[in-house]
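A quick write-up on the structure given underneath.
The values are calculated or read from the model by the stated rules, or taken from the named source; none is laboratory data. All values derive from a computational prediction rather than experimental measurement. Reconstructed Cβ throughout: ideal geometry from the backbone, glycine too, with neighbour counts over all protein chains shown.
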Amino acid sequence: MLADQAIFKEAELYIRLFISTILGLFIGWDRSSHNKPAGIKTYTYVTVSCTLITIISIESATLLRAADNGTMMDPMRLAAQIVSGLGFLGAGLIMKNGFKVKGLTSAAMIFFAGGVGIGIGVGFYGIVIFSIMITFLTTKLGSLLEKREQPRSKRKAEIDG
């Protein structure tokens, strides 16, 4: 019975990495289809690496925990460091040219992809998949609203100009 549980637990770790890969690929595919600088490979690497680091952190805390000697390990300490690294990656995507700033959405999506990876690494499948669905729905709606507003603001600028 214990051997079956160990095999299932091991298999779930591989399933987490697989789900993370698919979700990263999905996020990257959306960005690539809009000709953005970070694409399929970038987002897949971010989600999978965050999942892997989270799994390693949790599993090593469990494995190396000493019950009687007072040693405590915080499995989410590595996840906190992931967030710092994601900020560094995101900053590299942001470009400023005069009054125009580009890359903010790509930077935010790198951060989001990291959250996806961490969430899948912990095993929070439902909330992560829901967050992807709701985010993509609202951003698609936002894009439609922006396109609808663009002609209005252009007309107003022509009238004011």
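Structural remarks
- Test: residue in region 28-38 that is within 22 Å of Thr135 (Cα to Cα), surrounded by 10 or more Cβ atoms within 10 Å (Cβ to Cβ) and of a type in the set (Ser, Thr, Tyr): yes
- Cβ-Cβ under 7 Å pairs, at least 6 apart or on other chains, region 73-101 side farther than 24 Å from Ile120 by Cβ and at pLDDT 80 or above, far side surrounded by 12 or more Cβ atoms within 10 Å (Cβ to Cβ) and of a type outside the set (A, V, I, L, M, F, W, C): Ile94/Gly103; Met95/Lys102; Met95/Gly103
- Residue that is farthest from the chain's Cα centre (by Cα) [pool: residues in region 18-37 that are within 21 Å of Gly123 (Cα to Cα) and among the polar types (S, T, N, Q)]: Thr21
- Residues being within 13 Å of the chain's Cα centre (by Cα) and closer than 17 Å to Ala38 by Cα - total across region 71-101: 5
- Odd one out for Leu137, checked against (1) farther than 22 Å from Ser32 by Cβ; (2) at pLDDT 85 or above: (1)
- Of the residues making up region 102-114, those that are in contact with a helix residue (DSSP H, G or I) (Cβ under 8 Å, 6 or more places away or on another chain) and in contact (Cβ under 8 Å) with a residue 60 or more places away in the chain are Gly103, Ser106, Met109, Ile110, Phe112, Ala113, Gly114.
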